[in-house]
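Here is the structure we will look at.
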Amino acid sequence: MIDSLYRWVDDRLNISGGTRKLLNKIFPDHWSFMLGEIALYSFVILVLTGIFLSLYFVPSQKDVIYHGSYLPLDGTHMSEAYASTINLSFSVRTGLLMRQMHHWAANIFVGSIVVHMCRIFFTGGFRRPREFNWIIGVNLLILAIFNGFLGYSLPDDLVSGTGIRIAFSILEALPIVGSYLATFLFGGNYPGTAIIPRFFILHVLILPAIIAALIGAHLGLLVKQKHTQFAGNGATERNVVGSPMWPIFIAKTNGFLFLVAGVTAALGAAVQINPIWQYGPYVPYHVSYAVQPDWYMGWLDGALRVMPSWEIVFPGHMIPNAFFPGILLPGITFTLLMMWPMLEARIRNDTLEHQILEEPRNNPWRTSIGAAVLSFYFVLFGASATDVLANYLQVSLNTVLITFRVLCILVPLIVGPVTYKICLELQHQHRPTKTKRHNIVMRSAEGGYSTIEVQARPGDERTILPPIPVDAMILVNDDGEPILADGGPVTVGAGAGPGAGSGRGNGSRGLFRIPRSYR
Amino acid sequence: MGLRLLRKILVPFAALVLAAAIATIAMGHTHSTTAASTPSMSPEAMQLASLASQTTKGQLAEGYQLFAAHCSFCHGTRADGTTGIAPNLQGLGAGTVDLWLSTGWMPLKTPSAQPENKVPSFSPSQIRAIAMWVASLRPGGVPLAPKLDLKSASLSTGFSLFTLNCAPCHTITGAGDALADGYHAPPLHGISAAQVWEAVRSGPQNMPIFGDRNITPSQLEDIVRYVTQKIEHPQNPGGLGLGGVGPVAEGFLGLFAGVGACLAAAYWVGDRTEREEEEDPHGHGTDHGPEGPETAPEGAHA
């Protein structure tokens with residue numbers, strides 16, 4: 001019965017072929033290939049808990065007087081958004097759990113995107129042909145951060161209201177268009193009454209739809225271009241070694257979905273997050289000290305804090321101070337991040353396709369740059385807690401702030417070279433260094449000392465073997481003539497698979513490509 | 001003239017030491033009318049009367065002895081700061097002295113930007129004796145916290161006033177935070193109702209003084225109720241409160257416990273499959289099919 005129904009559907013829609021291909025898709029076994037799935041599954045949890053929350057949340061800034069179960073707010077004026085979040089937390093069954101799971105899942109979502117991106121970056125997974133997927137991923141990160149901020153702002157509590165105020169000021173700091181843009185987005189001057197309904201539509205409809213579409217494209221490209229993989233275990237540039245989707249990977253990944261959901265639920269049940277009833281409703285002239293954004297905005301907050309109070313006047317117009325840390329820094333950050341695959345290809349003169357990942361230690365150049373840049377953002381992240389750290393460590397706030405100004409320059413300068421050296425050590429690939437020679441110290445009959453340098457003996461000098469050119473690896477152009485790369489004969493590491501072909505649509509540079517049909 | 005009259009009326013009713021103390025107060029009274037800067041919390045005649053009724057001869061003597069032994073080295077034997085290394089305490093009131101001693105701020109352990117909360121060096125009755133003796137030197141200042149009627153105080157008014165007046169430094173959860181130049185607003189946990197009252201009225205260190213025309217006595221009771229009930233015993237129905245420092249602690253926990261646990265789960269799941277591989281090599285494949293990489297181009301049957 002089911003068989004015949006299935007056949008009936010399949011005859012018309014022809015789903016068997018595609019499904020068969022999908023079920024046979026091979027997933028590499030290495031655990032680091034599951035990192036993106038943490039993000040995927042926390043997004044699923046975000047959608048599910050978010051739907052629950054949207055049933056009770058009222059996106060309105062209408063002033064109401066609260067008469068609910070939380071006594072310290074009884075009779076207080078507040079926005080409907082805040083009142084409904086309080087009711088959702090205290091009067092709706094499982095409401096608080098759902099809200100806390102939603103918030104923890106958001107923290108995990110952005111965190112796992114960053115970790116996933118680090119894995120891709122440090123193993124070179126973004127190299128040709130996967131530049132598109134890298135760019136999609138960076139956009140997903142930006143959207144996730146932005147949507148997180150919007151969601152954080154929705155309850156309209158004292159702490160998040162302060163965050164919206166900062167966001168408004170950062171927008172205003174944009175030269176020329178800033179004040180127009182800010183009033184356009186906020187529907188008038190700050191705070192107005194439009195911001196919560198607008199943030200709500202962005203948060204629950206527009207941005208999630210874009211995120212979901214981009215995730216679809218991300219996974220579609222993953223299936224189309226196939227996985228990268230680490231060398232070894234029979235992996236070559238032209239195959240993918242691992243478990244098939246059915247039955248192994250499907251079990252693994254579904255189990256993993258439940259594990260991620262379990263972690264989120266455990267955090268949501270056991271650890272309180274964003275207790276807005278302790279913060280009170282947002283009133284523009286009320287402010288609490290120690291207000292921080294969620295961690296993924298922390299590096300921006302830290303940048304605002306460590307930025308010296310320079311007021312730069314550029315031909316007659318003051319550029320507001322918040323422009324540099326608030327707009328220029330994230331602008332440069334995400335532009336560089338998106339352009340990185342192309343930049344690296346240009347700098348390294350590497351336009352080959354890569355299916356085999358690099359061990360981070362085998363590319364100390366990239367690894368050390370990545371580690372240095374990452375450490376810079378870590379320091380900025382730490383700087384968003386200057387007041388908490390000063391209070392905790394009982395040090396003057398000014399000292400902490402100046403320390404962070406120094407650290408955000410010093411730490412990357414230390415982390416970079418140290419990472420480079422560690423990579424070399426891990427490679428066991430010591431660069432030739434000056435070897436120590438014996439010295440003979442002589443004492444003359446008069447009592448004077450002199451040093452005689454000993455002649456070099458065999459073994460003192462490190463022998464460096466010249467790279468062995470491999471015939472099969474020489475690049476050929478469309479006519480099959482060998483081409484020499486810029487630096488002479490090309491050598492390819494052991495991980496790269498053999499093979500030569502004219503490729504499709506080879507450009508004038510005559511690059512060696514593996515035809516798609518061979519993978 | 002009025003001084004002598006006052007003395008003539010009081011002497012028959014009071015013991016010699018007490019009379020001497022009150023004479024000092026009365027002299028201080030004439031001084032304080034000229035010194036407008038001295039904060040005055042209640043009608044001074046009432047203060048005199050209440051001081052006289054609260055204080056006993058033995059208490060003043062004990063206060064004087066304790067002050068001479070522990071405080072006078074810096075503040076001077078008359079608590080007037082003539083030593084030049086510590087401020088004049090005359091006219092600050094018993095409430096101010098009580099706050100500084102009961103929090104353990106005084107005596108200072110080390111001269112620092114801001115004294116730290118520590119275990120008080122004196123017993124409550126000793127603190128009261130010192131406070132009364134200092135207050136007896138000159139009227140004015142902040143009296144000891146009165147009996148507060150917290151049952152009828154309003155939590156929501158207290159919350160709102162706390163947000164407006166206290167949260168800008170002490171944070172909205174009362175966790176305390178660092179201010180500029182090594183000063184900090186201390187956490188509001190583990191303090192008594194009397195200390196909250198005295199701190200608001202006397203404004204220790206960087207804290208502003210909130211007089212009773214700024215925060216009325218009943219409003220202050222609301223604040224004291226909110227602080228002693230909700231700040232010191234916060235409602236954390238959501239689980240661990242994480243010290244009330246907000247997204248910093250939450251972010252660290254989200255990254256290290258949340259993402260960390262997911263990473264551990266990924267490692268566990270990934271590791272399982274790899275171990276399985278050793279037992280069951282047939283469960284695995286490569287994307288090029290059974291024939292081998294060279295002979296099975298994927299695109300061929302796509």
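The values are calculated or read from the model by the stated rules, or taken from the named source; none is laboratory data. Since the structure is predicted, the reported quantities are computational estimates derived from the model, not experimental observations. Every residue, glycine among them, receives a Cβ derived from its backbone with ideal geometry; neighbour counts consider all protein chains shown.
A few notes on this one:
- Residues that are surrounded by fewer than 19 Cβ atoms within 10 Å (Cβ to Cβ), hydrophobic (A, V, I, L, M, F, W, C) and within 30 Å of B:V245 (Cβ to Cβ), drawn from the stretch A:169-181: none
- Single match in A:P28, A:P59 (criterion: in contact with a Ser or Thr (Cβ under 9 Å, 6 or more places away or on another chain) and at the interface with another protein chain (Cβ under 10 Å from one of its Cβ atoms)): A:P28
- Residue match in the stretch A:230-240 (condition: at negative phi, of a type in the set (F, W, Y), more than 10 Å from chain B (Cβ to nearest Cβ) and not in a helix (DSSP H, G or I)): yes
- Single unsatisfied condition, B:G260 versus (1) surrounded by fewer than 20 Cβ atoms within 10 Å (Cβ to Cβ); (2) within 8 Å of chain A (Cβ to nearest Cβ); (3) under 26 Å from A:V110 (Cα atoms); (4) not β-branched (V, I, T): (2)
- Restricting attention to the stretch A:381-425, the residues that are more than 18 Å from A:G370 (Cα to Cα), away from chain B (no Cβ under 12 Å) and in contact (Cβ under 8 Å) with a residue 24 or more places away in the chain total 2.
- Residue selected from the stretch B:224-241 under the condition facing chain A (nearest Cβ under 7 Å) and assigned to a helix (DSSP H, G or I), by the criterion modelled with the highest pLDDT: B:Y226
- Of the criteria (1) surrounded by fewer than 21 Cβ atoms within 10 Å (Cβ to Cβ); (2) assigned to a loop (DSSP other than H, G, I, E, B), which one B:S156 fails: (2)
- A:V287 meets all of the listed conditions (1) assigned to a loop (DSSP other than H, G, I, E, B); (2) crowded, with 19+ Cβ neighbours inside 10 Å; (3) facing chain B (nearest Cβ under 7 Å); (4) over 24 Å from the mean Cα position of the chain (by Cα) but one, namely (2).
- Inter-residue pairs, beta-carbon under 9 Å, first in contact (Cβ under 8 Å) with a residue 40 or more places away in the chain and in the stretch A:192-211, second basic (K, R) and not in a helix (DSSP H, G or I), 6+ apart: A:T193/A:K62
- Long-range neighbours under 7 Å by Cβ, at least six apart or interchain, first residue closer than 13 Å to A:G161 by Cβ and facing chain B (nearest Cβ under 7 Å) within the stretch A:272-284, second of a type outside the set (G, A, S) and part of a loop (DSSP other than H, G, I, E, B): A:Y279/B:I172; A:G280/B:I172
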